[in-house]
Amino acid sequence: MYMYQEEQLARDVYIKLGEYWNARVFQNISKAEQQHMDAVKSLLDKYDIKVEVNEQGVFQDKEFQDLYDELIKKGMKNITEAYKVGRDIEILDIKDLDKRLQDATLDMKLVFENLKKGSEQHLRAFNRQL
């Protein structure tokens, strides 16, 4: 469930910053983050874990809500800060995926390893922008 929320965080931040800055990198990666959410949701469904789908930018977990609000505020300062927000989200995502891969079941490992590859690509894209 944590990884689902983290993928939602990335998607929602990228949608908001993509609209604000009209920057293609955010628009493209937000679509990939939706695919990441769908992949994690398939695991949640398999293990019969209910997921509450919230509207964009709304999180049940206060930690994620606070982080979202902070990242949006930072990313709206200027386009460079927005790209740094993207970079920081992907670094966090990779770190959290590495942590969860240690104790993951085989099916979780498959999904998490694919998500990690995607996050590494996203990180490279934001670093290119910077």
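Some points to look at:
- Shape call, segment 67-130: gyration tensor on alpha carbons, a/c limit 1.5: prolate
- Nearest-20 debye value, segment 32-130 charge dipole, Cβ charges on Lys, Arg, Asp, Glu: 440
- Label sites at LYS109 and ARG128, each approximated as a point 7 angstrom past Cα along Cα to Cβ, lie 3.1 nm apart.
- Per-residue ellipticity at 222 nm from helix content only, as computed over the chain with -39500 (n - 2.57) for each DSSP H run of at least four residues, stands at -27500 deg cm²/dmol.
- Principal-axis tilt of helix 2-21 within the chain, Cα atoms, nearest 10 degrees: 20
- Of all accessible heavy-atom area on the chain, the percent that carbon and sulfur account for (1.4 Å): 49
- Rg(Cα) / (2.2 N^0.38 Å) computed for segment 33-75, rounded to two decimals: 1.35
- Listed candidates (1) 61; (2) 71; (3) 55 - label of the one calculated as percent of Cα pairs over 17 Å apart: (3)
- Using only alpha carbons, segment 1-41 has a radius of gyration to Kirkwood radius ratio (Rg to Rh) of 1.01.
- Looking at segment 4-130, the accessible area is 56 square angstrom per residue; that uses a 1.4 Å probe and ignores ligands, DNA and RNA.
- Distance between modelled label sites at TYR2 and ARG24, nm, 7 Å Cα→Cβ extension: 3.7
- Inter-part distance where segment 60-78 and segment 103-130 are each reduced to a Cα centre, Å: 21
- Rounded to the nearest 0.05, the FRET efficiency derived from the C-beta distance between LYS77 and ASP38 at R0 = 30 Å is 0.45.
- Here the relative contact order of the chain, from alpha carbon pairs under 8 Å that lie six or more residues apart, stands at 27 percent.
- Positive-end residue of ILE79, TYR68, MET1, charge dipole of segment 1-102 with Cβ unit charges: ILE79
The values are calculated or read from the model by the stated rules, or taken from the named source; none is laboratory data. Not measured: the values here are computed from a predicted model. When we count neighbours, we look across all protein chains shown, and the Cβ atoms used for this are built from the backbone with ideal geometry, even at glycine. Heads up: the accessible areas ignore ligands, DNA and RNA and are worked out on the full protein's heavy atoms, side chains in. Shrake-Rupley method; radii C 1.70, N 1.55, O 1.52, S 1.80 Å.
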